[in-house]
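Report on the structure given below.
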Amino acid sequence: MQSASTLSLFALLVSAVGAVPDTRSFSLVPNTFPDFSACLSQPSVYSCENTTAIANTCCSPTPGGLVLQTQFWSTYTGLEKQGQKLPKGSWTIHGLWPDNCDGSFAQYCDLSRQYDPAPSPGVPPYTGPGVDTFILEFGRLDLLGLQYKYWISQGSANKDFWAHEFSKHATCTSTFDVACYGPSYKKNQDVINFFDAVIRAFHQYPTYDMLAAGGIVPSNKTSYSLSHIQNTLKAQTAALPYLGCTNNGTVLTEVWYFNHVYGTEQYGTFKTLDTTTPSTCSSTAPIWYYERTASSEHEVRILP
């Protein structure tokens, strides 16, 4: 018998996706991992730290070996009436970005895998089924549930945001190239694999909990110094992340964790590095980390 919490999640997904998933296929969930068997004979190094060219780019993110796990702190979504709310006690996912080792970056590198309905100028918009349908086709109700909990868009549908992040960034990450999945590749397998990798990377950096452990919690009455926020996160990650602020550098809204990766972006070990991008937060003015209103967030933990 299904628990009430499972049924609630199912109802949420039906509401968000707009259709009842075909659960008959969930017991036959196909694997979506790449074929990295050729990597066993390759020397392994941290990305951006190799002294010779990477022979097999499926084995290490190349040239985008400076990997950024990025997060948002938003106080509303603009779509609360449609049920699109923020996770209580958690920051939300922005993405997983493959910057080049020098800090530059490419975008929309493979237009045959362009699923963004509102891409950057010059990129043809996608008009087909949403990427949420790709996830359901692979029977991954579990993954879809995590994305609806933690990967939240502001002002647009979540599925369009996910499509944007895959199309703009994952198509420029060599370890997600279609060729890396071998002859048994199934259409959109790389998309599902990327979404899994994004969730995995996000959970390595529990920003809300790290800040709270340092005495920094959302407040409309108490502000913080930039150095307090920076030192709190550096004490847990061994590196200085990028912090983004709006309102002339006084309202905290973003954090980016910079990494080199040993192995693949999907499964490798992340080594945190100091940010290569200067913070947009004021070093002298008070920094506000505002509370959310109760109507803009909801509890995301599923109790047994």
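Note on segment 275-304: residues that are aliphatic (A, V, I, L, M), surrounded by fewer than 16 Cβ atoms within 10 Å (Cβ to Cβ) and in a loop (DSSP other than H, G, I, E, B) total 3.
Condition first: among the small types (Gly, Ala, Ser), in contact with a His (Cβ under 9 Å, 6 or more places away or on another chain), surrounded by fewer than 21 Cβ atoms within 10 Å (Cβ to Cβ) and within 21 Å of PRO119 (Cα to Cα). Can you find one or more residues in segment 212-225 that meet it? No, segment 212-225 has no match at all. Is it the case that GLU254 is under 26 Å from THR77 (Cβ atoms), surrounded by 18 or more Cβ atoms within 10 Å (Cβ to Cβ) and at pLDDT 95 or above? The answer is yes for GLU254. Among the residues here, SER153 does not qualify as over 21 Å from LYS81 (Cβ atoms) and in contact (Cβ under 8 Å) with a residue 40 or more places away in the chain.
Looking across segment 102-133, the residues that are within 29 Å of ASN259 (Cα to Cα), in a helix (DSSP H, G or I) and of a type outside the set (Lys, Arg) come down to LEU111, SER112, VAL131, ASP132. Only residues that are under 18 Å from PHE176 (Cα atoms) and in a strand (DSSP E or B) were counted across segment 81-101, and they come to 5.
Say we look at segment 65-102 and pick out the residues that are among the β-branched types (Val, Ile, Thr) and over 13 Å from GLN154 (Cβ atoms); which of these is surrounded by the most Cβ atoms within 10 Å (Cβ to Cβ)? That would be VAL67.
Residue-by-condition table, conditions (1) more than 22 Å from GLU254 (Cα to Cα); (2) within 17 Å of the chain's Cα centre (by Cα); (3) crowded, with 22+ Cβ neighbours inside 10 Å; (4) among the basic types (Lys, Arg):
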position	(1), (2), (3), (4)
SER104	no, no, no, no
GLY122	yes, no, no, no
TYR126	yes, no, no, no
PRO129	yes, no, no, no
GLY145	yes, yes, no, no
GLN154	no, yes, no, no
ASP160	no, yes, no, no
ALA170	no, yes, yes, no
GLY182	yes, no, no, no
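Considering only residues of segment 31-56 that are touching a residue at least 40 places away in the same chain (Cβ under 8 Å) and under 22 Å from the mean Cα position of the chain (by Cα), which is surrounded by the fewest Cβ atoms within 10 Å (Cβ to Cβ)? So the residue we want is PHE33. Among the numbered conditions (1) closer than 22 Å to HIS169 by Cα; (2) over 19 Å from the mean Cα position of the chain (by Cα); (3) outside any helix (DSSP H, G or I), the only one that GLY139 does not meet is (1).
Among THR232, THR272, THR264, which is the only one that is part of a strand (DSSP E or B), modelled with pLDDT of 95 or more and not hydrophobic (A, V, I, L, M, F, W, C)?
Values: THR232 fails: part of a strand (DSSP E or B); THR264 fails: part of a strand (DSSP E or B).
The conditions single out THR272.
When residues in segment 27-53 are screened for being over 24 Å from SER184 (Cβ atoms) and out of contact with any strand residue (DSSP E or B) (no Cβ under 9 Å at 6 or more places or on another chain), 5 of them pass. Pairs meeting the criteria (first residue in segment 119-148 and within 28 Å of HIS203 (Cβ to Cβ), second residue surrounded by 14 or more Cβ atoms within 10 Å (Cβ to Cβ) and basic (Lys, Arg), beta carbons under 6 Å, at least 6 apart or on different chains) are GLY130/LYS159; VAL131/LYS159; ASP132/LYS159. Only one of the numbered conditions (1) in contact with a Phe, Trp or Tyr (Cβ under 8 Å, 6 or more places away or on another chain); (2) farther than 22 Å from ARG200 by Cβ; (3) of a type outside the set (A, V, I, L, M) is not met by PRO98, and that is (2).
The values are calculated or read from the model by the stated rules, or taken from the named source; none is laboratory data. In this text the structure is predicted, and so the values were computed from the model without any measurement. Heads up, the Cβs are rebuilt from the backbone with ideal geometry, glycines too, and the neighbour counts pull from every protein chain shown.
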